[in-house]
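Just below is one structure, and these are the notes that go with it.
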Amino acid sequence: MRYQLRYVREVPVLKGRHQPLTLADRRVCLQTAPWLIDIARAATALSVAAGKVLNVRLAPTETPPAGRMTAAQGTALYVGAVLGTGVIALPGLAARAAGPASLLAWVALVLISMPLAATFAALGSRYPDTGGVSTYARAAFGERAGQFVGWCFYFAIPVGAPAAALIAGGYVAAAAGGGRTTTLITGGLLVAAVAATNAAGIHVSARVQLALAAVLLTFLAIAVVLSLPHARTANLHPFAPHGLLAVGTAGGLLVWSFAGWEAITSLAGEFRRPAHDLPRATAAAVAIVGVLYLAVAWATITVLGPAASSSSAPLGDLMARGLGGNARWLAAAVAVLLTFGVMNAYFAGAAKLGAALGRDAALPAWFARGGQIGEVPRRSLGVVTAMSGLSLLLVAIAGVDVRPLVSATSALLVTVYAVCIAAALRLLPRGSRHHVTALVAMAAVLALLVMTGRYLAVPIGLLAVATVYRRSQ
């Protein structure tokens with residue numbers, strides 16, 4: 001049932017007599033009854049603490065259309081969002097930063113991802129709104145926090161998408177030749193293909209993602225299993241050639257690999273049964289992603305040895321060892337499909353979020369069209385696509401490496417994590433299993449913030465821009 005908050009009547013409690021104080025006609029559309037109950041209880045608790053009584057009048061309105069996405073499709077979107085380009089590039093980058101000790105960073109990030117994923121699943125199940133991360137921050141801390149978190153996620157996509165596309169382009173260039181030109185052309189084609197898929201609607205996008213996930217998981221499993229006979233424990237020595245502190249540096253890079261648990265929250269309402277399907281999809285994705293990441297990282301270190309840190313296509317080299325001969329074309333195909341998967345999931349989430357930000361006046365109202373369940377937010381999607389193309393063009397002109405883009409995107413997403421986990425601590429029932437999980441997740445997020453380092457200047461700068469925009473409205 002869909003409800004609308006008709007008005008809030010606030011009266012003081014004074015010597016047993018109630019006299020009206022204010023009457024506000026505030027209209028707030030809520031997706032589900034649990035939202036209403038939570039907000040009414042919170043408001044009542046605050047008013048009683050202040051010596052006032054809050055009366056809330058509720059009126060049912062039309063029932064919103066139900067979502068159609070299944071738990072299996074949600075799992076595929078999650079796996080695509082989290083697995084993505086991390087598995088094709090970051091094992092080599094982490095090995096370069098910390099050597100075999102980078103395996104410790106992988107294990108730590110897998111463990112950290114569990115409470116993070118569980119917390120976002122709890123929030124998404126309880127608040128299935130297209131605003132996703134922005135909705136959680138707004139419900140807990142107010143409009144400014146909601147706008148800031150929404151902007152951090154929305155504008156992280158045009159920064160991260162070119163980096164992901166260029167990583168895949170590097171694999172294609174390694175197989176086909178052509179150097180940076182091939183890399184950039186591949187990146188542009190990926191952005192266009194992802195935009196076209198999402199323009200067809202979330203249901204088409206989810207079906208494509210499910211097929212991709214099945215193919216890619218099979219390929220990765222075969223590559224790892226066939227390469228293991230070539231593993232040598234001698235490649236684990238020296239274990240920490242750059243010192244144990246370098247594990248933190250590797251962890252800062254690997255944040256990119258485990259970002260994505262927040263990406264699907266804007267699509268929570270698209271599930272057939274959000275409270276049932278979203279936690280199931282999350283749990284399955286955590287298990288699949290954790291096993292695959294650890295398997296690929298272990299194989300990269302023990303099979304490739306010192307060559308892992310200098311390889312431009314470590315997954316291709318791993319496949320070549322396992323399958324024999326030149327497997328670079330196969331690795332290029334896997335890299336392109338993996339990148340398509342992560343970009344597909346993020347574009348879908350960002351497009352819905354942009355429409356919700358337009359609805360909530362955190363972006364111009366022009367963005368709001370297509371934001372309802374079952375609709376396609378083509379305006380918001382078009383903006384994400386245009387900004388991603390512009391970012392790719394700027395990268396081509398400036399000739400920058402992907403590492404700054406990866407680090408800047410990670411800083412924005414870690415900021416989203418920090419605010420949303422703090423919101424969970426306020427919104428989820430105290431003492432519940434989900435609240436305890438959020439406490440653990442907050443400790444993990446604080447560690448990730450430390451790893452992010454100087455790139456925290458990016459979200460701080462975005463906060464300043466968001467503040468200026470809000471004051472101009």
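Take the residues in the range 417-436 that are in a helix (DSSP H, G or I) and at pLDDT below 90, then tell me which one is nearest to Ala118 (Cα to Cα).
To start, the set of residues in the range 417-436 that are in a helix (DSSP H, G or I) comprises 417-427, 433-436.
Then keep just the ones that are at pLDDT below 90; that gives 417, 433-434.
Numbers: Tyr417: 12, Arg433: 10, His434: 8 Å.
In this case the residue turns out to be His434.
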Condition first: surrounded by fewer than 12 Cβ atoms within 10 Å (Cβ to Cβ) and of a type outside the set (Gly, Ala, Ser). Now tell me which residues in the range 451-464 satisfy that. Arg454, Ile460
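Would you check if Gly389 is surrounded by fewer than 24 Cβ atoms within 10 Å (Cβ to Cβ), in the same structural domain as Val450 (by TED's automatic domain parsing) and on the phi > 0 side of the Ramachandran plot?
Working: surrounded by fewer than 24 Cβ atoms within 10 Å (Cβ to Cβ): yes; in the same structural domain as Val450 (by TED's automatic domain parsing): yes; on the phi > 0 side of the Ramachandran plot: no.
Against the criterion (surrounded by fewer than 24 Cβ atoms within 10 Å (Cβ to Cβ), in the same structural domain as Val450 (by TED's automatic domain parsing) and on the phi > 0 side of the Ramachandran plot), Gly389 does not qualify.
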Please go through (1) in contact (Cβ under 8 Å) with a residue 12 or more places away in the chain; (2) surrounded by fewer than 20 Cβ atoms within 10 Å (Cβ to Cβ) for Val342 and return the number of the only condition it doesn't satisfy. (2)
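Give the range 153-184 a look and list any residue that's of a type in the set (Gly, Ala, Ser) and crowded, with 21+ Cβ neighbours inside 10 Å, or say none. So that I can check it myself, show each step before the final result.
Our first condition is that a residue be of a type in the set (Gly, Ala, Ser); within the range 153-184, this holds for 156, 160-161, 163-165, 168-170, 173-179.
Matches in the range 153-184: Ala156, Gly160, Ala161, Ala163, Ala164, Ala165, Ala168, Gly169, Gly170, Ala173, Ala174.
Surrounded by fewer than 24 Cβ atoms within 10 Å (Cβ to Cβ), in the same structural domain as Gly80 (by TED's automatic domain parsing), at pLDDT below 75 and among the hydrophobic types (A, V, I, L, M, F, W, C): is that true of Leu323 in this structure?
Here the answer is yes, as Leu323 does meet what is asked.
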Enumerate the pairs (first residue in the range 455-471 and part of a helix (DSSP H, G or I); second residue anywhere and of a type in the set (Ser, Thr, Tyr)) with beta-carbon separation below 8 Å, excluding pairs fewer than 6 apart on the same chain, so at least 6 apart or on different chains. Tyr455/Ser407; Tyr455/Ser410; Leu456/Thr415; Pro459/Thr415
Which pairs do you get when a residue that is within 16 Å of Ala333 (Cβ to Cβ), found in the range 176-199, comes within reach of a residue that is acidic (Asp, Glu), reach meaning Cβ atoms under 9 angstrom, with the pair 6+ apart or on two chains? none
Only listed residue being within 28 Å of Asp277 (Cα to Cα), among the hydroxyl-bearing types (Ser, Thr, Tyr), part of a helix (DSSP H, G or I) and touching a helix residue (DSSP H, G or I) at 6+ places or on another chain (Cβ under 8 Å), chosen from Tyr171, Tyr136: Tyr136
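Would you please name the residue that is nearest to Ala95 (Cα to Cα), looking only at residues in the range 233-247 that are in a helix (DSSP H, G or I) and of a type outside the set (A, V, I, L, M)?
First, the residues of the range 233-247 that are in a helix (DSSP H, G or I): 233-236, 246-247.
Subset that is of a type outside the set (A, V, I, L, M): 233, 235.
Working: Thr233: 15, Asn235: 12 Å.
That would be Asn235.
Among the residues of the range 398-416, which ones are surrounded by fewer than 18 Cβ atoms within 10 Å (Cβ to Cβ) and either assigned to a helix (DSSP H, G or I) or of a type in the set (Asp, Glu) (or both)? Talk me through it step by step, then tell me what you get.
Restricting attention to the range 398-416, the residues satisfying the condition of being surrounded by fewer than 18 Cβ atoms within 10 Å (Cβ to Cβ) are 398-401, 403-404.
Ala398, Asp401, Arg403, Pro404, listed by residue number.
The values are calculated or read from the model by the stated rules, or taken from the named source; none is laboratory data. Note that the structure is predicted; figures quoted are calculated from it, not measured. Note that we place each Cβ from the backbone using ideal geometry, even for glycine, and neighbour counts take in every protein chain shown.
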